[in-house]
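Notes for the one structure printed next.
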Amino acid sequence: MTHSSPYEGLAVPFPVPPAPGEMIEIAPGVLWLRLPLPFRLNHVNIYLIHDGDGWAVIDAGIADAVSRQAWEALMAGPLAGQKLTRLFVTHFHPDHIGLAGWLVERFDIPLLCSQTTYLMARNIALDPLSLDAQFYRDFYLRHGMDRDVVDLVVTQGHSYLRMVESLPPAFRRHVAGDVLHIGSRMFEVLGGEGHAPEQLMLYCRDERLLLAADQVIARITPNVSVSALDPDGDPLGLYIRTLRTLGADIDPETLVLPGHELPFVGLGTRGEQIVDHHAERCALIAAACAIKPCSVADLVPVLFTRPLDPHQWSFAFSEAHAHVNYMIHRGDLACVVDAGTVRFTSTSVR
């Protein structure tokens, strides 16, 4: 979706993000900092919430030397003499859980997350070579990806998934509907789907604060991907359902603290912008599939016109697949198999 401003319709009370090694207090006892990422999306937001005699940490950053050094510098600088009390991880993606095992061991704190988050990250950490399995290669080939691109995606494209430290052998499970007390605040634990299974968010209704993880982001749309483990799933349908639930339940004046980009006010507006964006993507797919049957790989350049590196190609392919499955579930596309390759046609022209 194109807007006259990347934040059109939203209030952005903190337009300048914290510099490396610095923190911004965005509410009494709530600190915002950023850790670098080695990708096009070059940062992840980390939040600290005052928690009795220390600070609860929301998300950990990716497992690399740069992030470890950033944490050490913070604890020797702005947080010198301060205690970390616990780590709450919102979802299993490496930029959020990658350093969780290191932080838990380094600062002797418990890990809090959903069961799905823990098990998915632990599975990848225990069996990283599985990401290059023939199963994944066959999945990509079946949906039209060239063999040379498959080789890049399952090696370089999947490499970021391995940027996760070994997790502790135990964790504290949280589920949607829980109440979590951090310091003097009471947070409702909310569930989100589509971007990551059983992603958790924290909502302080009294103070209108929502730690939204990657469910809603101000300037960009979170990646919504089909996994080879659930090839017929409908993550985009689940994602849109979560957006609408949040829009109906969250006070419109709530300050949204996302996992990336800037905090903002205007959750309902941003949710509708994202829904409209995905509707436009579906329209592009319908038009392409009305001309000729298209594989998922055929549809990647329809949705993503700029050059893509292997990391981006993996995300783009899986997101195109999410739109296709959403349209299949709605009856907008039909599936045909030609010489072992799965393609899709628009039902409006059948």
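The values are calculated or read from the model by the stated rules, or taken from the named source; none is laboratory data. Here the structure is a predicted model, which means the values were calculated and not measured. Glycine also receives a Cβ, built like all others from the backbone with ideal geometry; neighbour counts cover every protein chain displayed. Just the protein is used for accessible areas: all its heavy atoms, side chains included, with ligands, DNA and RNA removed. Shrake-Rupley method; radii C 1.70, N 1.55, O 1.52, S 1.80 Å.
Using alpha carbons only, how many degrees (0 to 90, rounded to 10) separate the axis of helix 115-126 from the longest principal axis of the chain?
Once rounded, one gets 80 degrees.
Could you rank MET145, MET186 by how accessible they are, 1.4 Å probe, largest area first?
Final ranking, largest accessible area leading: MET186, MET145.
Along segment 108-113, what does the Karplus equation 6.51 cos²θ - 1.76 cosθ + 1.60 (θ = phi - 60°) give for ³J(HN,Hα), rounded to whole Hz, x for Gly and Pro?
Each residue of segment 108-113 in turn: 6, 10, x, 9, 10, 5 Hz.
Quick one: with all protein chains in place, what share of the accessible area of the chain is carbon or sulfur, to the nearest percent (1.4 Å probe)?
Carbon plus sulfur share of accessible area: 53 percent.
Based solely on its DSSP helices, what 222 nm [θ] is calculated for the chain when runs of n ≥ 4 H residues each add -39,500 (n - 2.57) and the sum is averaged over all residues, nearest 500 deg cm²/dmol?
My calculation for the chain gives -10500 deg cm²/dmol from helical runs alone.
If you count only protein heavy atoms and use a 1.4 Å probe, how large is the accessible surface of SER348, to the nearest 10 Å²?
Surface open to solvent at SER348 totals about 100 Å².
With every protein chain kept in place and ligands, DNA and RNA left out, what is the accessible area per residue of the chain? Probe 1.4 Å, answer in Å².
Each residue of the chain exposes 42 Å² on average to a 1.4 Å probe.
Can you compute the charge dipole magnitude of the chain about its Cα centre, using +1 on each Lys and Arg Cβ and -1 on each Asp and Glu Cβ, nothing else charged? Give it in debye, rounded to the nearest 20.
300
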